[in-house]
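**Student:** Below is a structure I'd like to ask you about.
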Amino acid sequence: MKRIVIIICFFTACTTAKKQQPQLTNRDISNVLTAMTDIMIHDITNPPLAARFFSYTCLAGYEVVSQNNQSFKSMHGRLNQYPLLQKPDSIKGYHVQLSAILAMLQTAQKLQPSGKMVQAYEASFIDSCIKAGFDEETMEQSKKYAAAVSKKILAYAKADRYNKISNYPRYTPLNKEGCWYPTPPAYIAAVEPYFNTVRPFTLDTCNQFIPAPPVAFSKDKSSPFYAMLLQNYKEGKDLPQEHRVVAAFWDCNPFAVQDDGHLQMSLKKISPGAHWLGISGIACAKANKSFEETMLIQTSVAIGLMDAFMCCWDEKFRSNRVRPETAIRQYIDPKWTPLLQTPPFPEYLSGHSVISAASATILTHYFGDGFAYTDSVEVSYGLPPRSFKSFHHAAEEAGVSRFYGGIHFMDAINNGREQGIKVGEWVISKLK
């Protein structure tokens, strides 16, 4: 009897001696994306490029998860040219969730122009992990593992051809009737005219989902185009308060500036992609998704954003249609101004319509149709929350907000939504 007691005590002592490491949650993933967004606002990162930063950063975190959990499959064979990455055998004693977050942070540091700002967040995060109970050995091994994964993801990112864009000639506006031209107050040059040369994640080609042609430009007052001009003009002249609220909520224009006499100041606004990743984080928190599930969902949305921007931007610089502001001032009222500042790229398609529909389609796949939630993503930027009965409800509002704001015609919004849904469905089919 004494021997049995001794054996039981021995095993109990061993179990107690082995310290259990803390667990991270879906909010830790959202916090990294929020930190990245803050830096993007500082850098005035354009929307397509922001999607690129988010997607590779999320991929780094997801790769760690997939290497350690058989329920989450590798992206090898699902993403274009994605390599088969092996878990390093030489690194032991790491914590999977901690390694995933550190891999995200190390990737973001290298991708973003002001990546050094990520270091401050990383230092704060590590300090909080130590206080939570992570031991020094686990922390060091997790850093090593994260660095190994991040290095591979950054190599994959470098091969997507984005770095070759700087070698292309500066884009020159066509300067002819019906075509896009820089708009006031800053007259910013065209943003990412060569984004369609970058390698997509899941698309066969960037023009895989070419939309119906835009309504043809015409000065004829009986033409369909002139009718759209009048539609935008009248909406902007007597805009209901609710429409103003909707337009402001979905503005998401990182290029917005305030013209104060001789001084122009940039206004702090997040990109459309950052807004939808924030919505994804809210949904994951509400549904109490695990860390690993959240990593998959955020990565899927980020990949969808990248491919949706590629399809949209390919069409923008093919159709190259004039913005409402330019055409209305020239043909109807030289003093007319839209509620929102016009972004610096061609009008057709509506980028927010495309990426919102794509994101909504992907999120509906994971959470189901009719998933109601309250969007509080931009509370810190002075915008009150809005509640939605589904992701597609939000996407539809995001699209029409561009008409309320005076920066898009309705065919760009409606056809943009159709393209976004197709991209979202395609991404889900490739990632299943």
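**Student:** State all residues of region 381-394 that are among the polar types (S, T, N, Q) and exposed (fewer than 12 other Cβ atoms within 10 Å of the Cβ); if no residue qualifies, say none.
**Tutor:** The one that is among the polar types (S, T, N, Q) and exposed (fewer than 12 other Cβ atoms within 10 Å of the Cβ): Ser387.
**Student:** Also, quick follow-up: With the structure loaded, tell me whether Lys289 is in contact (Cβ under 8 Å) with a residue 40 or more places away in the chain, farther than 26 Å from Asn46 by Cα and either basic (Lys, Arg) or assigned to a helix (DSSP H, G or I) (or both) or whether it fails that test.
**Tutor:** yes
**Student:** Return the residue satisfying two criteria in turn: it lies in region 203-257 and is of a type in the set (S, T, N, Q) and surrounded by 20 or more Cβ atoms within 10 Å (Cβ to Cβ), and of such residues it is farthest from Val354 (Cα to Cα).
**Tutor:** Step by step, filter region 203-257, then rank; the result is Asn232.
**Student:** A further question follows. Sort out which residues of region 116-163 are among the basic types (Lys, Arg) and farther than 26 Å from Val198 by Cα, and write them in order of number.
**Tutor:** Lys131, Lys143, Lys144
**Student:** Those residues that are at negative phi and crowded, with 22+ Cβ neighbours inside 10 Å, I need them from region 401-414; list them, please.
**Tutor:** Within region 401-414, Ser401, Arg402, Phe403, Tyr404, Gly405, Ile407, His408, Phe409, Ala412, Ile413 qualify.
**Student:** Return the total of residues in region 207-261 being more than 30 Å from the chain's Cα centre (by Cα), assigned to a loop (DSSP other than H, G, I, E, B) and not polar (S, T, N, Q).
**Tutor:** 7
**Student:** For region 293-313, indicate whether the set of residues that are of a type in the set (D, E, K, R), crowded, with 22+ Cβ neighbours inside 10 Å and in a helix (DSSP H, G or I) is non-empty.
**Tutor:** yes
**Student:** Determine which member of the set Leu340, Leu431, Leu383, Leu349 is modelled with pLDDT under 95 and of a type in the set (A, V, I, L, M, F, W, C).
**Tutor:** Residue meeting the stated conditions: Leu383.
**Student:** Further question: Give just the number: which of (1) part of a helix (DSSP H, G or I); (2) free of Cβ contacts under 8 Å to residues at least 24 places away in the same chain; (3) within 22 Å of the chain's Cα centre (by Cα) does Ile101 not satisfy?
**Tutor:** (2)
**Student:** Please go through region 104-139 and give me each residue that is assigned to a helix (DSSP H, G or I), among the acidic types (Asp, Glu) and over 29 Å from the mean Cα position of the chain (by Cα), ordered by number.
**Tutor:** Of everything in region 104-139, those that are assigned to a helix (DSSP H, G or I), among the acidic types (Asp, Glu) and over 29 Å from the mean Cα position of the chain (by Cα) turn out to be Glu136, Glu137.
**Student:** Additional query: Filter region 140-183 down to residues that are assigned to a loop (DSSP other than H, G, I, E, B) and either within 25 Å of Ala108 (Cα to Cα) or not basic (Lys, Arg) (or both), then give me how many there are.
**Tutor:** Residues in region 140-183 being assigned to a loop (DSSP other than H, G, I, E, B) and either within 25 Å of Ala108 (Cα to Cα) or not basic (Lys, Arg) (or both): 16 in total.
**Student:** Residue check: is Ser280 in a helix (DSSP H, G or I), among the hydroxyl-bearing types (Ser, Thr, Tyr) and closer than 16 Å to Cys252 by Cβ?
**Tutor:** yes
**Student:** If you go through region 136-151 one residue at a time, do you hit one that is exposed (fewer than 12 other Cβ atoms within 10 Å of the Cβ), in contact (Cβ under 8 Å) with a residue 24 or more places away in the chain and closer than 27 Å to Ala60 by Cα?
**Tutor:** Yes, there is a match, as at least one residue in region 136-151 is exposed (fewer than 12 other Cβ atoms within 10 Å of the Cβ), in contact (Cβ under 8 Å) with a residue 24 or more places away in the chain and closer than 27 Å to Ala60 by Cα.
**Student:** Any idea which of Ser142, Ser114, Ser124 is small (Gly, Ala, Ser) and farther than 30 Å from Phe255 by Cα?
**Tutor:** After applying the criteria, what remains is Ser142.
The values are calculated or read from the model by the stated rules, or taken from the named source; none is laboratory data. Remember, it's a predicted structure, so these values are computed and weren't measured experimentally. As a convention, Cβ positions derive from the backbone with ideal geometry for all residues, glycine included, and neighbour counts pool all protein chains shown.
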